[in-house]
Structure formats: C-alpha cells, structure tokens
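Presented below is the structure to which this report refers.
The values are calculated or read from the model by the stated rules, or taken from the named source; none is laboratory data. A quick note: this is a predicted structure, and the numbers were derived from the prediction, not measured. Here Cβ is always computed from backbone atoms with ideal geometry, including for glycine, and neighbour counts include all displayed protein chains. The protein model used for the area step is the full one, side chains on, heavy atoms only, and it has no ligands, DNA or RNA in it. Shrake-Rupley method; radii C 1.70, N 1.55, O 1.52, S 1.80 Å.
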Amino acid sequence: MSDQPRRTHRPGKPYRRPKKDPVRILAFDALRAVDERDAYANLVLPPLLRKAREKGDLDGRDAALATELVYGTLRRQGTYDAIIAACVDRPLREVDPPVLDVLSLGAHQLLGTRIPSHAAVSATVELARVVLGDGRAKFVNAVLRKVAQNDLDGWLERVAPPYDQDPEDHLAVVHSHPRWVVSALWDSLGGGRAGIEDLLEADNERPEVTLVARPGRATTEELLGEEAAVPGRWSPYAVRLTEGGDPGAVEAVREGRAGVQDEGSQLVALALANAPLDGPDERWLDGCAGPGGKAALLAALAAERGAALLASEKQPHRAGLVARALAGNPGPYQVVTADGTRPPWRPGAFDRVLMDVPCTGLGALRRRPEARWRRRPEDLEGFAPLQRALLRTALESVRVGGVVGYATCSPHLAETRAVVDDVLKQDRNAELVDARPLLPGVPALGDGPDVQLWPHLHGTDAMYLALIRRTG
C-alpha cells in the first residue's frame, strides 16, 4: 500500500479529512431516527443530547443549536422539500433519504436561521463528507449553492402557487403542512384566511415548556421560583418556563409533585372536575389514562374532595407510566391495565369519567412536528370506530346524573363533533353540558356547548372537550 496521501479528483491537492461537527452530526442522527424508525424527535433528541454532554462534545449553546436544527428542519420539511425539488434534476423520491436529510438541514440553516450563507453551506458539506462520503457531498454542495441564491421569501414566490389560484396548496407550501391537514384545520376553524394563517404559523413556533403544580403536592408559588418562570395564562396550576428550560432540573418535577403538561390538557381535566353534579362525587375514572398527565391532575383534585380515581390504560408500558405519574398522590387511586372498550368495571360505577381518546394528534403539531408528515387522511378511518366505542363505554360507565368528558388532542371535525353527534344520536339518555363556563377567563370559546382550544388563540395545544351528562 502506498504511503502517499489520498487525493481528490484535483491532481496535486492532498486529501483533507472532513471535520466532524458534533452539533450537526447529532442533528442528522436524530433526523435519521425519525425517518427510519418512525421515532418522535421529542423522545429521540434528549438522550442524544445527554450522551453528547457526557462525552464533552456539546455545551449549552451547542445543545440549543442542535435542538433548533432538528425541530426547525422537521417543522419546515414541506417548504424545504419544495425548494430543494426546484434545485435538483430528479424527483425528490429518487434522492436517497439520508442525502435529503442533509439537504434539509442545510436549507434550514440557509433559510431559517441567522447562520451566514457561506458558513451554512460549508458546514453542511462537511457534514455530508462525514456521513455520506465525498461523492455525494459534491451533490449537496451544488444543490445548496442554488438554494443560497434566494432568501425564504424569494423562494416562496417561486415554488408556492398563488393564493387566489389554489389557496390550500399555497398555504401548504408557505406554512409547511400537508394539504389535507390545511383543509381539515380550515374546516374546523370555520373559514377565513387570517385565522388559518395564524394557526399554521402557531404550529411552526416552538412551544414554551408548561408545568403543572399537582394540588396538595406542589404549588405554583414554588414553581415560580424557577428561572424565567411565569404564571400560566388560564389554569391556576400552570407555570410557563419562558426560556425553554429543562423540566428535569426542577425539584418538584423530579419528585413527581409537579409535571410537564400543556395548559390545554390541564383545562380539560379541570373542566371535568368542576362540572356540576347531582348526588355523590366519590368515584372518578380516567378511561384512557396513558401516559398519565391528566390522570395525575385528576387524582390530586379528587383527593382534595375525598374521591378516588381509577386510571385505566390498555397498553402495559403506558400503564406503567401512569402508575409512575400517580405515585405519591395524597388520596386513594388505582391503576389497571384494561381495554376501555371491554371494561372490567360494572356499568354506572362512576360519578365522573374522562375519555381522552386516541387520535391523529393534529392538535399537538407544535410539539411533534413530524406527525404532520406521518399521518394520512385514512388514519381517521382507523380511529373512528375506536373513538365511538370508547365514548359509548364512558357513557355506560357513568351513573345517572354523572358527567363524561370526551377529549381529543385533535381539532379534526371527524374526531370531535362527528363522534359526539353520532354517539348521542344512538343514546337518548345523555345530553351535552355547556363546557364554556367551566373554563373561566378563557376567551374565544365559540358557540358551545363543546369547546375547541387553539394554539394561535389560547397558546395551548388544540384540545377538544365535550361534556355529557347521563340523564337516564
């Protein structure tokens, strides 16, 4: 074997090893996990960051940049795909997925950050040399130099169809949502350009970390002692960490006395807990309790009244998460692993029932941006029978005079009002309760009696809640 250095295609120029950039390699690894394993970035990224910190590869600023690269690339994937497609000479489906991930990372640095163009291109080409090899790095270099010729607004003028010709496709490209999601959200909002644009923009913003002080175990005053902590907007138990922050560094969270919980989820639990009842108020049920955030809040509220919570979850590993969230609750509770459509409890056994059903998760796209690209319209057909069956179980499980809360983290009408309307048509011994007075101070709740929360109006996930009273 020759001792001469390896050479590139240019004679006389010695081979230079690519520089390994821990930030961009970590971001690439996270994107590959999301793509290859259908993983969620919010589950993949923290252990990657932790491992890199332990090795001394990243400091706090590096971790913040890696997080921005991953989430920003995923949020704007649709927009960047349209731009990259205009810069390559083949359909995007023919570009190897790892190459496309590198190109998307480069596009985000060029069009979505303040990183200078030359630095964004050179850093991404170096990444390509490390993870793809020199040959494909040349392709990456050529494409990104084309991307760098315009800013984001300039590209959108080129690749997005005019609004007046195709409003849904225009919004889909500009705001990086699949067209069918744009259409569904627009239907749920009830029309109007300003509202849908505000919602789509809110979906692309990084949400604040919101904590819940579990009653009887922690107080908001304690949590407000944390750095950059401010009160929640609507829930009396909510505290927002305005500069991100690591919830794991909060003592009350580590001890389970507080948790990470979107304010919309807190409001759903509070509305059910505060709904007026006739008769006893002793037994509560959370029929789809995993991973345990709402169950922990409900259990704490129940304990204050001397009531007991039964938390039921079908998936054993999620039932384990529920048990962990409830550990240390000051009042009585029980966690069971059970199928909510074939419940082990007797009919009419509960005074209050929450059924937060499995859904497409279109209401939490701020937190799980990859979900918008993973979901398909046909997923709605898969969830529909389960959602109706679980709501019927909830109505069978509550006593006469008791209240059921039907909740979804999706604003899609097929998962919200359509389900409630269908089930109530078949069950004449139940009636809707106006949920709006049970969310005091929260504006823009619509005509009722159900409630739809929105990221752009309320700063929450797009949670839906219908309250139903058993009348006979």
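Kirkwood hydrodynamic radius of region 337-381, from the reciprocal of the average inverse Cα-Cα distance over all distinct pairs: 13.5 Å. Computed in the context of the full set of protein chains, the accessible area of the chain at 1.4 Å probe radius has 49% of its extent on carbon or sulfur.
Phi-derived couplings, Karplus 6.51 cos²θ - 1.76 cosθ + 1.60 at θ = phi - 60°, listed residue by residue for region 368-375: 10, x, 5, 4, 5, 8, 8, 6 Hz, with x used for Gly and Pro. With a ≥ b ≥ c taken as the square roots of the eigenvalues of the C-alpha gyration tensor of region 97-231, please select rounded if a/c is under 1.5 and otherwise prolate if a/b is larger than b/c or oblate if it is not? Oblate shape, in that a/c is at least 1.5 and b/c is the bigger or equal ratio. The share of C-alpha pairs in region 319-415 whose separation exceeds 22 Å stands at 43 percent.
Could you tell me which of rounded, prolate or oblate describes region 222-268, using a ≥ b ≥ c as the square roots of the eigenvalues of the alpha-carbon gyration tensor, with rounded for a/c under 1.5 and, failing that, prolate when a/b is larger than b/c and oblate otherwise? It comes out oblate by the Cα gyration axes.
Extension gain, Glu431 to Thr113, is 109.4 nm, computed as 0.36 nm per intervening residue step minus the present C-alpha separation.
Legend: distances between Cα atoms for Lys19/Lys51; Lys314/Lys425; Lys55/Lys146; Lys51/Lys146; pairs beyond 30 Å are Lys55/Lys146; Lys51/Lys146. Neighbours of Ala228 by Cβ distance under 12 Å: Lys/Arg scored +1, Asp/Glu scored -1, total -4. In this structure the amide hydrogen of Val335, modeled in the peptide plane, comes within under 5 Å of the amide hydrogens of Ala311, none closer than 5 places in sequence on its chain. Annotation: per residue accessible area for region 193-327 equals 41 Å², rounded to a whole number [probe 1.4 Å, protein chains only].
How much space per residue, in cubic angstrom, does the convex hull of the C-alpha atoms of region 90-166 take up?
Working: hull volume 7.5 nm³, N = 77.
Taking the convex hull of the Cα positions in region 90-166, it is 98 Å³ per residue.
Working note: Karplus 6.51/-1.76/1.60 with θ = phi - 60° gives region 454-460 the couplings 9, x, 7, 9, 10, x, 10 Hz, where Gly and Pro are set to x.
Could you work out the Rg to Rh ratio of region 362-472, with Rh taken as the Kirkwood radius (inverse of the mean 1/r over all Cα pairs)?
Ratio of gyration radius to Kirkwood radius for region 362-472: 0.99.
Per residue, the convex hull spanned by the Cα atoms of region 194-259 amounts to 92 cubic angstrom.
Placing a label point 7 Å from the Cα of Leu386 along the Cα-to-Cβ direction, the residues of region 274-318 with a backbone N closer than 15 Å are 287-291, 313-318.
Provide, in order from the shortest bin, the percent of all Cα-Cα pairs of region 62-106 in each 5 Å bin, continuing until the bin that contains the maximum pair distance. Taking all Cα pairs of region 62-106, the binned fractions are 5, 22, 31, 22, 11, 7, 3 percent. What the Cα convex hull of the chain gives, in volume per residue, is 166 Å³. The listed peptides 163-170, 236-243, 293-300, 306-313, ordered by packing as a protection proxy, come out as 293-300, 306-313, 236-243, 163-170 (highest mean of other Cβ atoms within 10 Å first).
Gain in length, Glu227 to Arg179, computed as 0.36 nm per residue apart minus the alpha-carbon separation, to one decimal in nm? Let's see the in-between values first.
Details: separation 48, 0.36 × 48 = 17.28 nm, distance 3.99 nm.
So the extension gain works out to 13.3 nm.
Potential lengthening of the chain between Glu197 and Gln165 amounts to 9.9 nm, from the contour at 0.36 nm per residue minus the alpha-carbon distance. Under the simplified labelling scheme, the Asn274-Ala86 pair shows an inter-label distance of 4.9 nm, with each label point 7 Å from Cα along Cα→Cβ.
What 222 nm value per residue comes from the helices of the chain, counting each DSSP H run with n ≥ 4 as -39,500 (n - 2.57) and dividing by all residues, nearest 500 deg cm²/dmol? Before the final figure, lay out each step's value.
Values: 20 runs with 220 residues, N = 472.
The helix-only estimate for the chain comes to -14000 deg cm²/dmol at 222 nm.
Semi-axes of the equivalent ellipsoid for region 131-211, computed as √(5λ) from the eigenvalues of its C-alpha gyration tensor and ordered from largest down, come to 31, 19, 11 Å. Over region 28-89, the Kirkwood radius and the radius of gyration, each from Cα atoms, give a ratio Rg/Rh of 1.06. Sorted from longest to shortest, the spans of the Cα atoms of region 179-308 along the three principal axes equal 48, 42, 23 Å.
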